[in-house]
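Notes follow once the structure below has been shown.
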Amino acid sequence: MRYAAMAVLSLVLALSLGVPVGAIEITEVSLGILVSPVQYPCPVKPATSRWAANDWDTVIVVQLSRIVPGDRIAADVTVPNGRVFRRESTWSSTVARGCDYLFVPILGTDAETWQGTWRAALSLNNKETRQVTWDVISPRDGALAEYQAYLTANPRSARAHYRVGAAAALAGQDALAESELRAAAELSRTWWYPPLALGRLYHRQGKLDLAREQFHFMKGLLLGRQTDPGNFTAYIQAMLDDHLKQLGP
């Protein structure tokens, strides 16, 4: 699942010319961690079925053929605590082959703690066709240094600051985490991941008023997006609701 304002998942199409024939079908499903810059068609580098809690750009890539405008692709993802969330999209192109990137956000979210086996049931036009599983494991060594190197090369990137801040929070480097997450929030004021990660950091530190401030700000960001088709609002909203319930009025 590939992000666009995280989207929380956005549809990225890598298409080749073709003529629509027959019924939609999945030709391949890959799991992996994308490496920027993305090159088409539909790469996964490296392909893996084990994602660390501090990995970013963790995606399911669905290769499709014989697809026509109006066809619907969906993934129902079950996480280790039993929650299920859905991502779906509708094909709008007139070409017959392409891919759907489905971004699975982990770093900086409550999903860091949802370690174990995840499962996605993929369906085409409401008919389940394929299941895929992967494992979320403990944070990998070297991720923070990797993200810091990327930030050095991309100092105006909100996502670069976010990756450093979220990975630092997971490593217990709270001062670095706070400064980088605030930088990410400043660079991308309507992106909901920085306030979620900041709220989680303050909640863990016992700074409850600051945590509430971040979570309520995030709640405002989500208000206009709750009915958007195919995004991860419900996935993120569930985490937000959990924190607000724990914090109380």
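The values are calculated or read from the model by the stated rules, or taken from the named source; none is laboratory data. Not measured: the values here are computed from a predicted model. A quick note on method: Cβ atoms are made from the backbone with ideal geometry, for glycine too, and the neighbour counts reach across all protein chains shown. For accessibility, only protein heavy atoms count, side chains too; no ligands or nucleic acids. Shrake-Rupley method; radii C 1.70, N 1.55, O 1.52, S 1.80 Å.
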Helix 174-187 versus the longest principal axis of the chain: what is the Cα-based angle in degrees, 0 to 90, to the nearest 10?
60 degrees
If you build a Gaussian network model of the chain, linking Cα atoms that sit under 10 Å apart, which residue out of Leu151, Leu107, Leu31 swings the most?
Leu151
So, counting K/R as plus one and D/E as minus one, what does the shell of residues with Cβ under 11 Å around Ile106 add up to?
-4
With N set to the residue count of the chain, report its C-alpha Rg divided by 2.2 N^0.38 Å to two decimal places.
1.02
Could you sort Asp55, Asp174 by accessible area so the largest value comes first, with the probe set to 1.4 Å?
Asp174, Asp55
Test of understanding: in a Gaussian network model of the chain with alpha carbons linked when under 10 Å, which of Leu64, Leu170, Leu223 would top the mean-square fluctuation ranking?
Leu223
Report, to the nearest 10°, how far helix 193-205 tilts away from the longest principal axis of the Cα atoms in the chain, using its own Cα long axis and a range of 0 to 90°.
40 degrees
Compute the signed sum of charges (Lys and Arg +1, Asp and Glu -1) over the other residues within less than 14 Å, Cβ to Cβ, of Leu170.
-4
Ellipticity estimate at 222 nm from DSSP helix runs (n ≥ 4, -39,500 (n - 2.57)) divided over the chain, nearest 500:
-10500 deg cm²/dmol
